[in-house]
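**Student:** Have a look at this one before I ask anything.
Readers should treat all values here as calculations from the given coordinates under stated rules, not as data from a laboratory. Keep in mind it's a predicted model, so treat the numbers as computed, not measured. We place every Cβ from the backbone using ideal geometry, glycine too, and count neighbours over all the protein chains shown.
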Amino acid sequence: MPIVEDARRKYEVAIVYGDMHIPYENVECRNILLKLIDIIQPDMLISGGDDIDGESLSKFEKYPEQISTLQYELDEFYSYSDYLCCNFPTMRKIFLHDNHFYKRLESQKKIAHWLYTMRMFSLESLIKADEYNWEVNNEFNWKNVLLITHGDDEKGNPLLPSNCARNNFKQYGYSIIRFHSHGTGIELHNHLNKTSLIAQLGTFQDKNKAKYIKSKQRVNWTTSAGVLYLSREDDSFFFEPLLFFDDAIICRGSYIHF
């Protein structure tokens, strides 16, 4: 007979997602994510990066109608963070370094070098990490067996969404959860007689609001997230994909859409 146990007794539960690109997020998918947090009640929420689009920090050419101010983007992120704090006050929140906000911010500091000495212009200060209880990290390394990273160190091919995650796995030998490429691909590998995870997770950005993206780059734009069950006792874990189909999802037997 199979042994059926309550997973929460043995495992810490985390929801992992990325590439929200506030204020250009798909609002319906974002609201579904918030509903999923309410249903699953995770111990931890891990943002894989690019929660904030950072458009005004970008050096790319833009049309005037594309420009949003940095303060507007931050205010929208504060509203999102405030909702998380008010509704899930005990949930731990992780904010990973990325390219759209963190690296663009650092790039601007190299141009206006005096910004480096201004604490108010640190990433932690700008996102109000202390006020909203965000833990800021370069990556999330769990017990040297699972690495969660934004993944902007490699350029991905939208037609081959799993390639970069697979390369990270080969490089580090860890199970990998990666973002950045906006596509979804999930694989299991047998590595040293142990099952390893290679997951490329998608985006919550609304592709119709991303005017800088060419049509061929949208081919594999998908929305996905995942639930991690991290052992409290050893280095074992499980991964449950959360796959969105046309702004809707079925989770725990419930059909969720807005």
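**Student:** Which of the residues that make up region 220-249 are more than 19 Å from residue 148 (Cβ to Cβ) and surrounded by 13 or more Cβ atoms within 10 Å (Cβ to Cβ)?
**Tutor:** 220, 221, 244, 247, 248, 249
**Student:** Just name the residue that is surrounded by the most Cβ atoms within 10 Å (Cβ to Cβ) out of those in region 102-140 that are of a type in the set (A, V, I, L, M, F, W, C) and over 22 Å from residue 59 (Cβ atoms). Lay out the reasoning, then the answer.
**Tutor:** Initially, region 102-140 is screened for residues of a type in the set (A, V, I, L, M, F, W, C), giving 105, 111-112, 114-115, 118, 120-121, 123, 126-127, 129, 134, 136, 140.
With over 22 Å from residue 59 (Cβ atoms) added as a condition, the list becomes 120, 129, 134, 136, 140.
Details: 120: 7, 129: 17, 134: 23, 136: 15, 140: 20.
Here the residue is 134.
**Student:** Here is a list of conditions, (1) touching a residue at least 12 places away in the same chain (Cβ under 8 Å); (2) more than 24 Å from residue 26 (Cα to Cα), and residue 83 meets all of them except one; can you say which number that is?
**Tutor:** (2)
**Student:** While we're here: Give me a count of the residues in region 146-162 that are over 18 Å from the mean Cα position of the chain (by Cα) and surrounded by 17 or more Cβ atoms within 10 Å (Cβ to Cβ). Write out each step before concluding.
**Tutor:** Our first condition is that a residue be over 18 Å from the mean Cα position of the chain (by Cα); within region 146-162, this holds for 157, 159-160.
Right, trim to surrounded by 17 or more Cβ atoms within 10 Å (Cβ to Cβ) and you get none.
So the count comes out to 0.
**Student:** A follow-up question, please. Quick one: which residue in 190, 167 is out of contact with any Leu (no Cβ under 8 Å at 6 or more places or on another chain), free of Cβ contacts under 8 Å to residues at least 24 places away in the same chain and surrounded by 17 or more Cβ atoms within 10 Å (Cβ to Cβ)?
**Tutor:** Result: 167 is the single residue among 190, 167 that is out of contact with any Leu (no Cβ under 8 Å at 6 or more places or on another chain), free of Cβ contacts under 8 Å to residues at least 24 places away in the same chain and surrounded by 17 or more Cβ atoms within 10 Å (Cβ to Cβ).
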